[in-house]
Amino acid sequence: MKITSYALVALLMLSCSVSKQTSSLNLFQGESAGCGNFIVYKLSTDGIQYISVSVNANEIEFEDSYAQVDAQDIEVRWKKFSGDISASICNDVIVDRPELLINQVAKTGSITITVIDSEQEKKENDQPYKVTVVLKNIVFENLTVDYLQLENVVVGWLPG
């Protein structure tokens with residue numbers, strides 16, 4: 001009887017715990033998108049979740065088109081929805097937006113932002129330009145992203 005009680009308690013404890021996922025590029029291999037000043041998105045392959053990095057590019061100190069920032073100093077989010085969200089990314093017309101299931105802000109991690117060399121003049125002239133954003137060891141409450149790269153994403157423009 002005691003063994004059965006202990007087994008039941010252990011089973012209940014396991015069923016109530018929230019697991020923490022670890023992800024690398026495998027989960028977030030969908031489309032990359034960007035807009036504004038600036039927000040970049042990396043979608044999951046099924047389009048129901050994304051990692052976003054939101055930055056005021058005027059407040060980041062770039063050295064030779066390069067900036068290194070901590071996740072705590074900018075907004076890095078993981079959002080998961082009940083259905084495909086890809087049509088709503090950088091779009092001011094939202095059609096049948098699926099229900100938001102997860103919305104977590106990164107606790108720690110490192111982000112590298114590089115303005116593509118040939119695009120630097122466009123950035124300085126407030127025109128759309130391309131960036132590459134690399135995330136390393138990004139830790140959310142229920143997800144850790146070891147490495148994620150968003151290459152040649154156009155930012156510096158507004159939807160609409």
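Being surrounded by fewer than 14 Cβ atoms within 10 Å (Cβ to Cβ) and in contact (Cβ under 8 Å) with a residue 24 or more places away in the chain: is that true of residue 110 here?
yes
When you check residue 57 against the structure, is it more than 14 Å from the chain's Cα centre (by Cα), over 18 Å from residue 149 (Cβ atoms) and surrounded by 14 or more Cβ atoms within 10 Å (Cβ to Cβ), yes or no?
yes
Looking only at residues that are among the β-branched types (Val, Ile, Thr) and in a strand (DSSP E or B) in the range 91-111, which one is nearest to the chain's Cα centre (by Cα)?
105
Please go through the range 115-128 and give me each residue that is crowded, with 18+ Cβ neighbours inside 10 Å and either over 17 Å from residue 150 (Cβ atoms) or not aliphatic (A, V, I, L, M) (or both), ordered by number.
119, 123
May I ask you to list the residues in the range 75-88 that are among the hydrophobic types (A, V, I, L, M, F, W, C), more than 22 Å from residue 112 (Cα to Cα) and touching a residue at least 40 places away in the same chain (Cβ under 8 Å)?
85
Sort out which residues of the range 114-144 are touching a residue at least 60 places away in the same chain (Cβ under 8 Å) and farther than 27 Å from residue 82 by Cα, and write them in order of number.
123, 131
Do we have residue 72 as free of Cβ contacts under 8 Å to residues at least 40 places away in the same chain and under 16 Å from residue 148 (Cβ atoms) here?
no
Taking the range 86-100 as the search range and keeping residues that are in contact with a strand residue (DSSP E or B) (Cβ under 7 Å, 6 or more places away or on another chain) and surrounded by 12 or more Cβ atoms within 10 Å (Cβ to Cβ), which one is farthest from residue 157 (Cα to Cα)?
This residue is 98.
All of the numbers you see were taken from the coordinates with simple rules; none came from a lab. Source: prediction; values computed, not measured. Neighbour counts run over all protein chains shown; Cβ positions are idealised from the backbone, glycine included.
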